[in-house]
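Read-outs throughout are calculated quantities, based only on the coordinates presented, and are distinct from any laboratory measurement. Bear in mind that the values here come from a model prediction, so they are computed numbers and not experimental data. For neighbour counting, all protein chains shown are included, and Cβ atoms are generated from backbone atoms with ideal geometry for every residue, glycine included.
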Amino acid sequence: MTLQRMDNVLIVVDDLEAAKTFFVELGMELEGEMPMEGPWVDRIVGLENVRCEVAVLRTPDGHGRIELDKFHAPAAVRAEPPNAPVNTLGIRRIMFAVDDIDDVLARLRAHGAELIGEVAQYEDTYRLCYIRGPEGIIVALAEQLR
């Protein structure tokens, strides 16, 4: 048996609408939304009486997905301080390849995203930056140079 693919990354959020808007503005497509609850969900996640809303977004190429979950019950738990720095242990960021880093950055700033450092160039290969979006989510943008 071999690994087939990475299916999705789960991000638990408090403001589902803001997170969806952010990722749609980034260029992801809303694949679906649904409420989730019941014994089967409880068994999978190891919690009792789970009630949540789920939104799944996919990259335009159809290969990458993000699952955004808003837990109504049990309430979500904050495991780290808000706006944790990039060197905090655990999953820190998701990186996306973009065509025009300046355009994407401007569009996301209109939705509250903040540049963490600065847009920097790596050799003659990439322009890169880290931004913080809703819920403190860190997203890296990479523009391949021609």
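Here are the numbers for this structure:
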item: Rounded tilt (10° steps) of 16-26 against the dominant C-alpha axis of the chain; result: 30 degrees
item: Antiparallel DSSP beta bridges within the chain, as percent of all bridges there, nearest 5; result: 75 percent
item: The stretch 78-121: trypsin sites (Lys or Arg not before Pro) falling in loop per DSSP and having at most 14 other Cβ within 10 Å; result: R78, R92, R93
item: GluC sites (Glu not before Pro), loop per DSSP, at most 14 other Cβ atoms within 10 Å - longest free stretch of the chain; result: 49-117
item: Footprinting exposure proxy for L47, L89, L141 (fewest neighbouring C-beta atoms within 10 Å first); result: L89, L47, L141
item: Dipole magnitude of the stretch 45-146 about its Cα centre (Cβ charges: Lys, Arg +1; Asp, Glu -1), debye to nearest 20; result: 300 debye
